[in-house]
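*Asks:* Can you keep this structure in mind? I'll have questions shortly.
The values are calculated or read from the model by the stated rules, or taken from the named source; none is laboratory data. Note that the structure is predicted; figures quoted are calculated from it, not measured. Cβ: placed from backbone, ideal geometry, glycine included. Neighbour counts: every protein chain shown. Note: accessible area is taken over every heavy atom of the protein model, side chains too, but ligands, DNA and RNA are not part of it. Shrake-Rupley method; radii C 1.70, N 1.55, O 1.52, S 1.80 Å.
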Amino acid sequence: MEKEGVCDDIKLSDQIQIYPDEPYCSEIGTETFASSQKIEGGEGSNVVFSTEAPLIGKDPYCGCSAKKLNFKGSEDLIEKENIGQQKKLNRQDRIELGRLFQGAVTSLDWELAERLIQLADPQTLNDLLCVGLDSVWFLSTKHEFQGITGLIKKIICHGAYDFTRATLRTSFLASCVSACQSRTMSLADTVTVMAQRLQERLQECNGDEILKAEAGAKVQKFTEWALKCIGFHSRCQGTRDRVSHNSAAETELQLSAFKMFLDLAGNHLSGREFTEAFDAACFPLTLFSTSFDPGWASGISATVIQGLLGMLVEGGADNVNQCFLEASRFGSTELVRVLLHIAQRNSLDVDVDLALGFASHYCKIGTMNCLVEEGNAIAFLGPLMRAAERGCMQVVQWFVKRGCRDMELCLALTAATSSSQVEVAAYLLPYVPPPVLTALSIEILRAAGERSGGSLQGVEFLLKSDFLGDSVATYSVADGIARSSEDESVPWNLKSFLQEHWSESAFEEGRRESHENFMNFMRVLKKGESEISLRDLPAPLRVAIAYMPLYRECVNTGGRLLSQRLRGQLVEAVRQLQGCVVAVVEVSETRNLMAVLEHHLTAIFG
């Protein structure tokens with residue numbers, strides 16, 4: 001596909017930028033993600049989760065009390081608090097503190113969680129901010145809302161400052177939560193589906209294979225983290241390995257909590273960071289999109305992601321159109337619907353016609369329907385012509401059934417002809433009105449020859465098909481182009497091809513060749529020295545030997561018309577068989593000439 005806009009080739013740094021460099025920690029229930037790298041060569045936003053953020057992978061703390069968290073007592077907590085204030089915590093202490101904080105949040109032990117905040121150094125506070133903000137997407141009651149938002153406020157008041165990491169990470173997680181709510185399969189199966197879709201998507205991207213493999217592994221690791229996080233919270237909520245659907249009230253609580261966080265972040269988040277968060281939120285939806293329930297975008301499951309994306313746009317995200325184009329390219333129809341809604345609600349422009357081009361190039365029929373019916377895309381010509389050039393019959397048929405203008409169909413026919421897509425050309429030909437073909441016949445053949453790349457199979461198909469519906473007119477057009485020796489706009493290969501096979505001179509040459517073959521046959525018949533004398537063979541057999549090759553060539557050529565060269569040979573052959581001058585040389589009599597030849601040949605089988 002020609003490069004049209006920002007995402008002809010999905011840049012890896014645009015789409016695959018969630019890099020957990022470290023393996024999962026071996027400690028029970030702890031996973032650590034760290035990254036400080038980006039894949040170079042990309043454009044647009046650069047979403048990077050450069051973080052170490054603790055998360056419990058198993059659920060030993062569901063419904064647990066403070067005693068089960070291995071705290072010896074208030075004296076021990078005070079002692080650790082004093083140590084935390086005096087020096088930076090080491091990595092092991094940070095991990096342990098994160099585990100304890102996660103357990104306190106999960107068990108709704110707000111008092112314990114607040115005391116743990118007192119122990120944290122600045123970097124650990126950033127980790128706790130991520131954990132607290134991630135919990136927002138699992139709120140179900142007003143009590144939980146007040147507890148989580150209170151913790152987030154305290155964490156920020158105590159010195160947490162990495163709002164960027166928290167925003168990007170939680171946007172990604174919220175998207176996964178929203179997507180999983182639309183699915184009927186288990187989270188374990190979801191991991192498998194996600195991995196498969198990720199590999200498919202990487203294959204659709206251009207770029208270095210090693211780079212794509214590394215990026216894919218990192219994205220998959222982070223996505224698996226998100227799904228484990230979802231599974232952990234789901235089990236703690238008593239829904240086992242499935243994600244419960246939010247009620248309208250729960251959705252409102254979750255979005256309100258996130259809005260409160262954004263208000264607290266204030267000017268610490270720039271438009272670029274909102275843009276990167278928007279990217280992070282859209283990416284998982286493209287992985288899950290093929291298994292969304294129909295109408296997901298208008299259901300309660302999509303309300304959270306719509307609200308989240310809306311807030312990111314209000315904060316300054318300016319990549320709605322880019323994400324919209326990428327969603328169209330990968331056939332993420334439900335995400336396309338969501339982004340259409342976001343754009344309309346915020347009075348933003350999205351290029352639906354360019355998106356239709358991307359969707360059609362990758363044969364995403366469902367997305368094409370959405371873009372036309374809901375996005376009002378109307379630019380059919382470019383996508384139709386490219387589909388015809390590639391021979392993508394499914395897309396061509398879709399456009400034709402949707403309704404195309406006569407000139408669009410004619411140009412698509414020319415495109416299919418130039419690239420020798422005979423099947424597509426055969427499908428389109430009946431849809432182009434004869435007056436249009438007649439008026440543009442020379443331009444069609446000339447353009448097809450110019451863009452043929454050396455193969456004139458498509459041009460030959462049009463002529464054999466009698467594309468003008470009038471054999472005299474079709475032969476005349478071909479002869480006219482063949483005679484245009486002074487017209488430099490006619491490609492030399494097209495002119496040579498027509499002169500050799502489809503011109504009046506080719507017809508005469510065909511007659512001459514047939515006559516020479518006849519004379520050579522007669523010389524062998526009369527003077528041949530072969531032990532098998534042709535004169536001793538039955539007359540019908542001699543006819544078969546002389547003319548069966550020509551008959552087979554005429555039959556195998558296919559189409560409604562013979563080339564002028566073959567037609568000349570046929571006329572001369574009939575004249576020889578009839579033993580007199582054949583007066584029928586009009587092109588419309590070709591079938592009659594074939595009937596005469598068949599009559600003489602079938603006599604041998606009579």
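*Asks:* As an exercise: evaluate residue 429 against (1) within 33 Å of the chain's Cα centre (by Cα); (2) more than 16 Å from residue 560 (Cβ to Cβ) and give the number of the one condition it does not meet.
*Replies:* Residue 429 satisfies all of (1) within 33 Å of the chain's Cα centre (by Cα); (2) more than 16 Å from residue 560 (Cβ to Cβ) except (2).
*Asks:* When residue 305 is evaluated against the numbered criteria (1) open to solvent by 10 Å² or more (accessible area, probe 1.4 Å); (2) in contact (Cβ under 8 Å) with a residue 60 or more places away in the chain; (3) assigned by the TED database to the domain that holds residue 261, which criterion, by number, is the only one it fails?
*Replies:* Going through the list (1) open to solvent by 10 Å² or more (accessible area, probe 1.4 Å); (2) in contact (Cβ under 8 Å) with a residue 60 or more places away in the chain; (3) assigned by the TED database to the domain that holds residue 261, residue 305 breaks only (1).
*Asks:* Within segment 339-365, how many residues are polar (S, T, N, Q), under 23 Å from residue 305 (Cβ atoms) and open to solvent by less than 50 Å² (accessible area, probe 1.4 Å)? Don't jump to the end; show me each part of the working.
*Replies:* Our first condition is that a residue be polar (S, T, N, Q); within segment 339-365, this holds for 344, 346-347, 360.
If we keep only those that are under 23 Å from residue 305 (Cβ atoms) as well, we get 344, 346-347.
Then drop every residue that is not open to solvent by less than 50 Å² (accessible area, probe 1.4 Å), which leaves 346.
Total meeting the criteria: 1.
*Asks:* Determine whether segment 197-208 contains at least one residue that is surrounded by 18 or more Cβ atoms within 10 Å (Cβ to Cβ), part of a helix (DSSP H, G or I) and modelled with pLDDT of 75 or more.
*Replies:* No.
*Asks:* Consider residue 485 carefully, then state whether it is among the small types (Gly, Ala, Ser), at pLDDT below 90 and open to solvent by 80 Å² or more (accessible area, probe 1.4 Å).
*Replies:* yes
*Asks:* Here's something else I'd like to know. Do we find a residue being open to solvent by 20 Å² or more (accessible area, probe 1.4 Å) and touching a Ser or Thr at 6+ places or on another chain (Cβ under 8 Å) anywhere in segment 504-521?
*Replies:* no
*Asks:* With respect to residue 549, is the statement that it is modelled with pLDDT of 75 or more and surrounded by fewer than 18 Cβ atoms within 10 Å (Cβ to Cβ) true?
*Replies:* yes
*Asks:* Now a separate question. Is it the case, given these coordinates, that residue 405 is open to solvent by 20 Å² or more (accessible area, probe 1.4 Å) and within 17 Å of the chain's Cα centre (by Cα)?
*Replies:* no
*Asks:* Looking at segment 565-595, which of its residues are under 56 Å from the mean Cα position of the chain (by Cα) and either surrounded by fewer than 18 Cβ atoms within 10 Å (Cβ to Cβ) or at pLDDT below 65 (or both)?
*Replies:* 585, 586, 587, 588, 589, 591, 592, 594, 595 - these are the residues of segment 565-595 that are under 56 Å from the mean Cα position of the chain (by Cα) and either surrounded by fewer than 18 Cβ atoms within 10 Å (Cβ to Cβ) or at pLDDT below 65 (or both).
Here is a yes/no grid of residues against (1) open to solvent by 10 Å² or more (accessible area, probe 1.4 Å); (2) in a helix (DSSP H, G or I); (3) at pLDDT below 95; (4) of a type outside the set (A, V, I, L, M):
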{"residue": "123", "(1), (2), (3), (4)": "yes, yes, yes, yes"}
{"residue": "150", "(1), (2), (3), (4)": "yes, yes, no, yes"}
{"residue": "175", "(1), (2), (3), (4)": "no, yes, yes, yes"}
{"residue": "215", "(1), (2), (3), (4)": "no, yes, yes, no"}
{"residue": "225", "(1), (2), (3), (4)": "no, yes, yes, yes"}
